[in-house]
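The values are calculated or read from the model by the stated rules, or taken from the named source; none is laboratory data. It should be emphasised that the depicted structure is a prediction, and the values quoted were computed from it without experimental measurement. Reconstructed Cβ throughout: ideal geometry from the backbone, glycine too, with neighbour counts over all protein chains shown. Surface accessibility is based on the protein's heavy atoms, side chains included, excluding ligands, DNA and RNA. Shrake-Rupley method; radii C 1.70, N 1.55, O 1.52, S 1.80 Å.
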Amino acid sequence: RAGRFHRVPVLIGNNHDEDLALAAGVIKAGTEITAANWPDVVAGFFPPAQAARVRARYPVRDDATAGPVFGTMLGDWNWACPTQATEGLLSRQVPTYGYEFADGNAPNIVLPDPPFPIGASHATEVSYLFDPGGWQVPLTPEQRRLSNTMMDYWTAFARTGNPNGPGLPRWQPYRGRVQSLAPTAIGPVDAARTHRCGLWSTIG
């Protein structure tokens with residue numbers, strides 16, 4: 001916040017569904033999260049007044065949606081909004097390129113047999129940038145194109161401090177929007193709105 005850091009360009013981001021895998025793992029390990037106990041789950045994280053506001057923004061309609069809503073809440077609170085805040089601070093001082101990996105059908109290299117789809121969870125982007133452990137993770141042609149674009153962005157940034165290069169979708173420095181990285185669309189999005197960061201900026 002005080003600007004005391006090495007002044008170098010920064011590439012920083014998160015995944016759209018960071019904690020869906022975490023929530024799925026918690027449920028798979030035996031913790032029940034249901035529509036009936038959702039108020040108690042939220043109350044375990046926040047004091048009463050804040051918990052009521054969180055439940056209003058993250059309603060659970062039925063048992064089938066309880067786990068995904070739990071994961072979405074955790075991901076917004078722990079990942080997406082802190083990343084947005086950090087991008088805002090950095091961008092006042094240095095060129096900052098924010099991204100959000102958003103392939104909701106990314107290969108699941110995180111949690112075997114999850115109880116619900118985990119989307120673009122934490123670490124699912126790894127197989128788009130590397131071949132983790134020689135696993136040779138299968139990607140569709142559209143996912144392979146996204147992988148090639150991401151590798152081009154990352155290597156251009158490592159080489160020049162700017163991810164842009166010939167033939168790549170333009171990636172603007174962070175000014176409140178981040179570059180969404182998905183097979184069907186690459187471009188700027190308002191991640192702070194998507195992840196309800198207005199709420200989280202008022203909750204400790």
Check: Tell me, what ³J(HN,Hα) does each residue in the stretch 28-42 have, in order and in whole Hz, if you take phi through Karplus 6.51 cos²θ - 1.76 cosθ + 1.60 with θ = phi - 60° and put x for Gly and Pro?
Finding: 4, 7, x, 7, 8, 10, 10, 4, 5, 9, 4, x, 5, 4, 5
Next item on the list: Give a quick list of trypsin sites (Lys or Arg not before Pro) in the stretch 161-204 that DSSP marks as loop, anything other than H, G, I, E or B, with at most 12 other Cβ atoms within 10 Å.
Entry: 170, 175
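What FRET efficiency do you get for residue 56 and residue 172 if R0 is 41 Å and r is their Cβ-Cβ distance, rounded to the nearest 0.05?
On the way: r = 33 Å, r/R0 = 0.81.
The pair residue 56/residue 172 has a calculated efficiency of 0.80.
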Margin query: Which residue fluctuates most in the GNM of the chain (Cα springs below 10 Å): 181, 22, 129?
Written below: 129
Note to self: Under the √(5λ) rule applied to the eigenvalues of the Cα gyration tensor, what semi-axes describe the equivalent ellipsoid of the chain? Give them in Å, descending.
What the structure shows: 31, 23, 13
Next item on the list: Using label points projected 7 Å from each Cα along Cα→Cβ, tell me how many nm separate residue 1 and residue 86, to one decimal.
Entry: 1.6
Notebook entry, point to check: For the stretch 58-144, what is the per residue volume of the convex hull drawn over the alpha-carbon atoms, in cubic angstrom?
Noted result: 128
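If each DSSP helix of 4+ residues adds -39,500 (n - 2.57) and the sum is divided by the residues in the chain, what number results at 222 nm, nearest 500 deg cm²/dmol? Could the numbers behind the result be given before it?
Working: 9 runs with 81 residues, N = 204.
Result for the chain, helices only: -11000 deg cm²/dmol.
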Margin query: I need the calculated FRET efficiency for the pair residue 145 and residue 193, taking r as the beta carbon distance and R₀ as 30 Å, to the nearest 0.05.
Written below: 0.65
Margin query: Accessible area per residue for the chain in Å², computed with a 1.4 Å probe and the full protein assembly in place, what is it?
Written below: 52
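Taking chymotrypsin sites (Phe, Trp or Tyr not before Pro) as candidate sites, keep only those in a DSSP loop with at most 15 other Cβ atoms within 10 Å, then name the longest stretch of the chain containing none of them. Let's see the in-between values first.
Working: sites that count: 5, 45, 130, 135.
Free of exposed loop sites, the longest segment is 46-129.
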Note to self: What do you get for trypsin sites (Lys or Arg not before Pro) in the stretch 1-75 restricted to DSSP loop and a cutoff of at most 16 other Cβ within 10 Å of the site's Cβ?
What the structure shows: 1, 4, 7, 61
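Relative contact order of the chain: what whole-number percent is it, with Cα pairs under 8 angstrom and at least 6 residues apart? Provide the component values of the computation, followed by the final result.
Details: 304 pairs, mean separation 56.2, N = 204.
That works out to 28 percent.
How large is the charge dipole for the chain, taken about the Cα centre, if only the Cβ atoms of Lys, Arg (+1) and Asp, Glu (-1) carry charge, to the nearest 20 debye? Walk me through the intermediate numbers first.
Details: 17 positive and 17 negative charges, 206 e Å.
The calculation lands at about 980 debye.
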Item checked: residue 131/residue 49 FRET efficiency (R0 41 Å; Cβ-Cβ; nearest 0.05) -> 0.30
Margin query: Computing the accessible area with a 1.4 Å probe over protein heavy atoms, can you report the carbon and sulfur percentage for the stretch 104-165?
Written below: 56
Checklist line | Span per principal axis, largest first, for the Cα atoms of the stretch 27-86 (Å) | finding: 34, 27, 18
Notebook entry, point to check: Out of residues 5 or more away from residue 180 or on other chains, whose amide H comes under 5 Å of its own, with H placed 1.01 Å from N in the peptide plane?
Noted result: 100, 187, 189
Next item on the list: With a cut-off of 13 Å, note down the residues of the stretch 165-179 whose backbone N falls inside the zone around a label point 7 Å from the Cα of residue 152 toward its beta carbon.
Entry: 165-171
